[in-house]
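The values are calculated or read from the model by the stated rules, or taken from the named source; none is laboratory data. In this text, all values refer to a predicted model and were calculated from it rather than measured experimentally. Positions of Cβ are generated from backbone atoms using ideal geometry, with glycine treated the same way; all protein chains shown enter the neighbour counts. SASA here: full protein model, heavy atoms, side chains in, ligands and nucleic acids out. Shrake-Rupley method; radii C 1.70, N 1.55, O 1.52, S 1.80 Å.
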Amino acid sequence: GRHSMLPRHVQRLGRDWITHWNGSQILALNSPVSSCMRWAARYRPWASFPLPIPADFSANWRLPPFFGPWRQFQNSRWHLDNYTPSSFFHLPNPSMKSEGEEPSTKKRRLSGQHDTSAPGETDFSNQKEASCLSVAQNEEKHSSKKGTIKRHWEYFCQQSRTMKISENKESDQSNTESEATFDFTVMSYNILSQNLLEDNSHLYKHCRQRLLFWTYRFPNILQEIKQLDADVLCLQEVQEDHYRAEIKSSLESLGYHCEYKMRTGRKPDGCAICFKTSKFSLISSNPVEFFRRDIPLLDRDNVGLVLLLQPRFQCQSTAAVCVANTHLLYNPRRGDIKLTQLAMLLAEIASVAHQKDGSFCPIVICGDFNSVPGSPLYRFIKEGKLNYEGLAIGKVSGQEQFPRGQRILSIPIWPKKLGISQNCVYEIKQQQKEENAGEKLEEARLDNTQEIVIASEKLSSKLRHCFKLTSVYSHYFPETGIPEVTTCHSRSAVTVDYIFYSAAKDDIAAQPGAEDSFHGGLKLLGRLALLTEKDLWTVNGLPNENNSSDHLPLLAEFRLIAR
């Protein structure tokens, strides 16, 4: 007919909502609401067509330019008594099973993948780990609340018992078993600075505008923290004015003591570590600034924070626990800066966690490392060594499939005046350690000076650190090979957030060779399962109506093991 398209003023409805059009999508009035995608279009007196009855709107869309032949409208049976000034109309999409399905504009390579298994069915590549993993069977993947995905707990078998984190908070500390052990939980969470959100608005085009206001986001973030109830919080992108105005006071009201380190540049965010005063007391707080005015390489204002905490309850192990938090540089083409920042953090941890007997206390390192699993930087953290000879700076973090930074890392990466050795310790500390080794060793070094110089030249492209660290998460679902995701926005969905820890000898979750025999260690009791990219797009990615950061919180429960 003559009405082959909607009026122009109708086409302009909706500023930021988009949709993909194909010829099979036409207006259908008799489809049940539950099987229709819902589209927003407020009724106006000048509209040349009627609209059906209202419905809840749960996706970010705008009207397509046309909906097919106007005859579809003319042949339909309309009931004017059902039309209201706030009506919506519905458009069926045969490619989507329900309104919670991923929008077609966000599939992005997912069409070729197999359906991922539910988190409750997750297995792990380590058979020993898989055999000792128990999942709460009564928890469903999707919560009853519309538009949310429920993450479940994964528990590892223990000789004594498997406990829910929420059930081991208060009462059991008095019995014999609790006196012999000390269990605690650690969360790592990038809460998305409001300033960074507004400066990078192109990453959040899929979000409705009202969901991006801090007044909407903060209550959601605080509710997540309350619900997960971790004993130690490691937060990144904590905006300074929000921290002073409401974050700190809100967390203190929940029983936390807060330590904060703001970035050294103009961007007013930083890192915070908060711990329950009922579980720990503070021994020392040690901020780390990665900016050095006298070193051109270190011209970025990222920071780290290292705390030494003392457990408040008597147990077999009286060792303190070292907790570190950082947010490394994002720039995928500056792997040289990332590695140097990491070395500076590790040097501070080595200084803080060092015990009088020469060992290290148990260590937990959290943060946004802006590096993906399997990258050289990630392998360096877990394996304790990295030969970077011939390595391009754009390949250090693995963030780009086709890295643009092709310049090769210099040898050494950082200048000597930084005061940090290739073993990622402060050189003064290393010299003192060498002096304590004894006169015989010193004499042997003097006799073999030339050999040592040659050996040091050969090892100059090798980085090392003295910690044996394991990752809390496995990073992939082995049944499908689909990766876990910790951040998801309009541009990407990857893992960049981690919790690393020094594993005890009997920790079944640790990879081979990662047991810390220096001073006991930590045993992983459980973790909050992660999701896939496809899972997250069923709730329109991140941030969304219920999750107000573009990162997921990571959470793990540990047991402190005596040496």
Phi-derived 3J(HN,Hα) across segment 549-559 with the Karplus relation (6.51, -1.76, 1.60, θ = phi - 60°), rounded Hz, x for Gly and Pro, is 10, 8, 10, 8, x, 9, 8, 9, 10, 10, 10
Which FRET efficiency, nearest 0.05, do Lys416 and Ser281 yield, Cβ-Cβ r, R0 25 Å? 0.05
In nm, to one decimal, how far is the modelled label at Tyr330 from the one at Asn387, with both set 7 Å along Cα→Cβ? 3.5 nm
Calculate what fraction, in whole %, of the accessible area of segment 333-375 sits on carbon and sulfur atoms when a 1.4 Å probe is rolled over the protein chains. 47 percent
R0 of 51 Å, Cβ-Cβ distance Ser492-Gln310: FRET efficiency to nearest 0.05: 0.80
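Taking all protein chains together and a probe of 1.4 Å, list Arg312, Arg404, Arg266, Arg300 from the most accessible to the least accessible.
Details: Arg312 130, Arg404 155, Arg266 230, Arg300 65 Å².
The residues order as Arg266, Arg404, Arg312, Arg300, largest area first.
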Multiply the residue gap between Gln355 and Asp299 by 0.36 nm, knock off their C-alpha separation, and tell me the result in nm, one decimal place. 16.9 nm
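In segment 249-338, what chymotrypsin sites (Phe, Trp or Tyr not before Pro) fall in a loop by DSSP, with at most 12 other Cβ atoms inside 10 Å? Write down the numbers at each step before the final one.
Values: sites: Tyr256, Tyr260, Phe275, Phe280, Phe290, Phe291, Phe313, Tyr330; in loops: Phe290, Phe291, Phe313, Tyr330.
Answer by residue number: there is no such site.
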From the cross-link list Lys356/Lys462; Lys279/Lys505; Lys468/Lys505; Lys248/Lys276; Lys261/Lys416, which pairs have alpha carbons spaced over 18 Å apart? Lys356/Lys462; Lys279/Lys505; Lys261/Lys416
Rg/Rh over Cα atoms for segment 318-423, Kirkwood Rh, comes to 1.00
Using a 1.4 Å probe and ignoring any ligands, DNA or RNA, find the accessible area of Glu533 and quote it in Å² to the nearest 10. 20 Å²
Need one value: the accessible area of His475 in square angstrom, 1.4 angstrom probe, rounded to the nearest 10. 10 Å²
What is the spin-label model distance, in nm, from Glu289 to Lys205 if the labels are put 7 Å beyond Cα along the C-beta direction? 3.9 nm
Roll a 1.4 angstrom probe over the protein heavy atoms and tell me the percent of accessible area of segment 184-274 that is carbon or sulfur. 46 percent
Distance between modelled label sites at Gln401 and Asp506, nm, 7 Å Cα→Cβ extension: 4.6 nm
With 10 Å bins from 0: P(r) over segment 287-377, alpha-carbon pairs, percent: 15, 42, 27, 12, 3
Taking every DSSP bridge whose two residues both lie in segment 174-286, the antiparallel percent to the nearest 5 is 70 percent
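How high is the FRET efficiency between Arg244 and Glu479 when r is their beta carbon distance and R₀ equals 51 Å, given to the nearest 0.05? Working shown, then result.
Working: r = 46 Å, r/R0 = 0.91.
FRET efficiency, Arg244 to Glu479: 0.65.
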Per residue solvent-accessible surface (Å²) - segment 233-345, probe of 1.4 Å: 37 Å²
